[in-house]
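Following: one structure in structure tokens, then a few remarks.
The values are calculated or read from the model by the stated rules, or taken from the named source; none is laboratory data. Here the structure is a predicted model, which means the values were calculated and not measured. No Cβ is skipped: glycine too gets one built from the backbone with ideal geometry, and neighbour counts run over all protein chains shown. Each accessible area value is taken on the protein alone, full model and side chains, heavy atoms only, with ligands, DNA and RNA left out. Shrake-Rupley method; radii C 1.70, N 1.55, O 1.52, S 1.80 Å.
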Amino acid sequence: MAGVALALHSPNHPLQIPKIPNRSSLSMASPRPSPPSSPSHPTQPSLLVFSGGTAFNGVVEDLKNLTTRVAHVLPVSDDGGSTAEIVRVLGGPAVGDIRSRCLRLSDESTSEALAVRTLLGHRLPIDAVEAKSEWYSIVEGGHSLWQGVSRPYRETIRAFLVFFQNQILRHSDESFCFSNGSIGNFFFAGARIFFVSLDAAIFLFSRVSGIPVESLVLPVISTNDRLTLGCELWDGTVIRGQNEISHPTNGSMRQINKEHSSVPTLPSRIKRVFYMSSEGCNLLHEVFPMVNPTVLEQLSKVDCIVYAMGSLFTSICPSLVLHGIGEIISSRPVPKVLLLNGCHDRETTGLSASCFVTAITDALNRTHGDSHKCLNNLPSEYINALLVPRDGQIPVDVQCLAAQGIFHVVTVDSINDPKVGMVFDPKSLIQSLADLITELLRSHLMPA
């Protein structure tokens, strides 16, 4: 593939971005080739995974052993940490979850690939003064993180970091705080603003970090605008902002502590999540963004749909409430698998497995929104199997699941994570998922 030549212009001097070279011309390895396949019986199953940027990351590497034909669908409404600072000063969608997944998918087969991954995965110190000092060392090209990165890649990555810095300086009325900042987020933001396209920024990041060409990282909403998530509780309370719903930080720039015990409980259970205008504060400010058409395209042709473990209402449901998602999922005769969480969090205290299914069904049906836009599909039209971590905290109410039309409930080996509790053993999860896909595709529930 031919390289792309770009030029960035700052008020002081132009910065030339060299051609992004063919990977074969560098020491970094070529993307993994797709295995031989026929249109009707591909060697690798194709998956679409709804997830957030944290919980599912732990199994991404093992998932490559099953398939690299995966469309990762992620929300762009995260408003915590360094993402919040970028959105506050420069606007635009939140890219933290997308950057996190791209890094997990990135190539690590050579020393240069590892060097690029380390650079883009680096976080600046918490102390604001130290963070700003280290940032300037990186953007000026003198930091040790550049060691092992060849000149073409160094100049390409650095040019977009310089462009990001230039954008910050143009917003002289806002003082940018680099505390705990992610270099990958800064690169992403620079590329998105330069191209005026989130999709183009993801493509560039994927090229630079060596993501397999058959693996897709898709924002559920492809936009250059800021998106704000809201939630309505059953007691009528409305909460604005993803972070305030799941992990309130009182404005802290520190990395979010996702231990359930570290945050206060909600005053009432969550009824629904929805999108609201950036300045909105109540139900009157609800907005209805359009789903990324590539997500709908992938949903219409993949072999399996997966709802990953993670924050149910702030990581999974924001991708499900958009018009068109429920319509396509309900029409597909494929495995539709829920990976149940191993423990409760602030969003799901007291919920059973069937409650998780109900929440996903309500989101896809848009049950509690505009009555003229809602669907009435059954839970079994959206989910036909559960994978459950052994000794997990979420009660698995098999009879209630059966009443919902869900009869495939598979227990998977788990490990105890001292920070978050019981989680899936990655290798066991992927093996169980592979077995389940094969079983369901061959069963009478999955007609040819």
Rounded to the nearest 500, what is the 222 nm mean residue ellipticity of the chain from helices alone, with -39500 (n - 2.57) per DSSP H run of 4+ residues and division by all residues? -10000 deg cm²/dmol
For the range 342-439, with equal point scatterers placed on the C-alpha atoms only and solvent neglected, what are the log10 I(q)/I(0) values from the Debye formula at q = 0.15 1/Å, to two decimals? -0.68
Which loop GluC sites (Glu not before Pro) in the range 278-379, with loop taken from DSSP, have no more than 16 other Cβ atoms within 10 angstrom of their Cβ? GLU279
Length gained if SER111 through LEU375 is fully extended, taking 0.36 nm per residue and subtracting the Cα-Cα distance, is 90.0 nm
Using the structure shown, list the pairs from LYS64/LYS271; LYS301/LYS336; LYS336/LYS427; LYS132/LYS419 with a Cα-Cα distance above 25 Å, or answer none. LYS64/LYS271; LYS132/LYS419
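Report the extension gain between SER150 and ARG88 in nm, rounded to one decimal, defined as 0.36 nm multiplied by the number of residues separating them, less their alpha carbon distance.
Numbers: separation 62, 0.36 × 62 = 22.32 nm, distance 3.34 nm.
Full extension from SER150 to ARG88 adds 19.0 nm.
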Taking the Cβ of PHE178 as the centre, find all other residues whose Cβ is under 11 Å away and add up their charges (Lys, Arg: +1; Asp, Glu: -1). -2
List the GluC sites (Glu not before Pro) within the range 140-178 that fall in a DSSP loop (any state other than H, G, I, E or B) and whose Cβ has at most 15 other Cβ atoms within 10 Å. GLU140, GLU174
Compute a Gaussian network model of the chain, connecting alpha carbons closer than 10 Å, and tell me which residue from SER277, SER206, SER182 fluctuates the most. SER277
Computed over the range 339-397, the ratio Rg/Rh where both radii use C-alpha atoms and Rh is Kirkwood: 1.03
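Can you divide the C-alpha Rg of the chain by 2.2 N^0.38 Å and report the result to two decimal places?
Values: Rg = 21.8 Å, N = 448, 2.2 N^0.38 = 22.4 Å.
Relative to the rule-of-thumb radius for its length, the chain sits at 0.97.
Mind running the shape call on the range 392-441? Use the C-alpha gyration tensor, a ≥ b ≥ c as the square roots of the eigenvalues: rounded below 1.5 for a/c, prolate if a/b tops b/c, oblate otherwise. It would help to have the intermediate numbers written out before the result.
Numbers: a/c = 4.07, a/b = 1.25, b/c = 3.25.
Judged from the Cα gyration tensor, the range 392-441 comes out oblate (a/c at least 1.5, b/c at or above a/b).
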Assign one of three labels to the range 279-323, namely rounded, prolate or oblate, based on the Cα gyration tensor with a ≥ b ≥ c the square roots of its eigenvalues; rounded applies when a/c is under 1.5, prolate when it is not and a/b is larger than b/c, and oblate otherwise. oblate
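Roll a 1.4 Å probe over the protein chains and send me the accessible area per residue for the chain in Å². Provide the component values of the computation, followed by the final result.
Working: 18950 Å² over 448 residues.
Ligands and nucleic acids excluded, the figure is 42 Å² per residue.
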Magnitude of the Cβ-charge dipole of the chain, K/R +1 and D/E -1, about the Cα centre, nearest 20 debye? 840
Roughly how many whole Å is it from the C-alpha centroid of the range 104-150 to that of the range 396-427? 38
Can you give the Rg to Rh ratio for the range 261-409, taking only C-alpha atoms and Rh from Kirkwood? 0.96
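Once fully extended, how much extra length lies between LYS301 and ALA403, figured as 0.36 nm per residue of separation less the alpha-carbon to alpha-carbon distance?
Values: separation 102, 0.36 × 102 = 36.72 nm, distance 2.88 nm.
33.8 nm is the gain from fully extending LYS301 to ALA403.
Assuming R0 = 30 Å, can you tell me the calculated FRET efficiency for the pair HIS171 and ASP435, based on Cβ-Cβ distance, to the nearest 0.05?
0.05
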Out of ALA363, ALA434, ALA94, any idea which swings most in a Gaussian network model of the chain, alpha carbons joined below 10 Å? ALA434
Note on the range 136-209: C-alpha Rg/Rh, Kirkwood Rh, two decimals, gives 0.96
Helix 183-195 axis, angle to the chain major axis (alpha carbon atoms, nearest 10°): 80
Where in the range 206-236 does the label zone of ASN282 land, with the point 7 angstrom along Cα→C-beta and an amide N cut-off under 14 Å? 236
Counting only protein heavy atoms and using a 1.4 Å probe, what share of the accessible area of the chain belongs to carbon plus sulfur, as a whole percent? 53
With a Cα-only, solvent-free Debye model of the range 56-188, what are the log10 I(q)/I(0) values at q = 0.16, 0.18, 0.21 Å⁻¹? -0.87, -1.08, -1.35
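Within the range 317-423, list the chymotrypsin sites (Phe, Trp or Tyr not before Pro) lying in a DSSP loop whose Cβ has at most 16 other Cβ atoms in a 10 Å radius. Each step should come with its number before you reach the end.
Working: sites: PHE356, TYR382, PHE407; in loops: TYR382, PHE407.
Filter output for the range 317-423: PHE407.
Please state the shape class of the range 99-146: rounded when a/c is under 1.5, otherwise prolate if a/b exceeds b/c and oblate if not, all from the C-alpha gyration tensor. Present the calculation step by step, with values, prior to reporting the outcome.
On the way: a/c = 3.44, a/b = 1.70, b/c = 2.02.
Note, shape of the range 99-146 comes out oblate.
For the range 313-438, give the magnitude of the charge dipole about the Cα centre (Cβ charges: +1 Lys/Arg, -1 Asp/Glu; no others), in debye to the nearest 20. Could you put the intermediate results ahead of the total?
Values: 8 positive and 12 negative charges, 37 e Å.
The dipole of the range 313-438 has a size of about 180 debye.
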In terms of the charge dipole of the range 157-252, which places +1 on Lys and Arg and -1 on Asp and Glu at the beta carbon, the residue among GLY184, GLY241, THR223 farthest towards the positive end is GLY184
Rg(Cα) / (2.2 N^0.38 Å) computed for the range 131-176, rounded to two decimals: 1.25
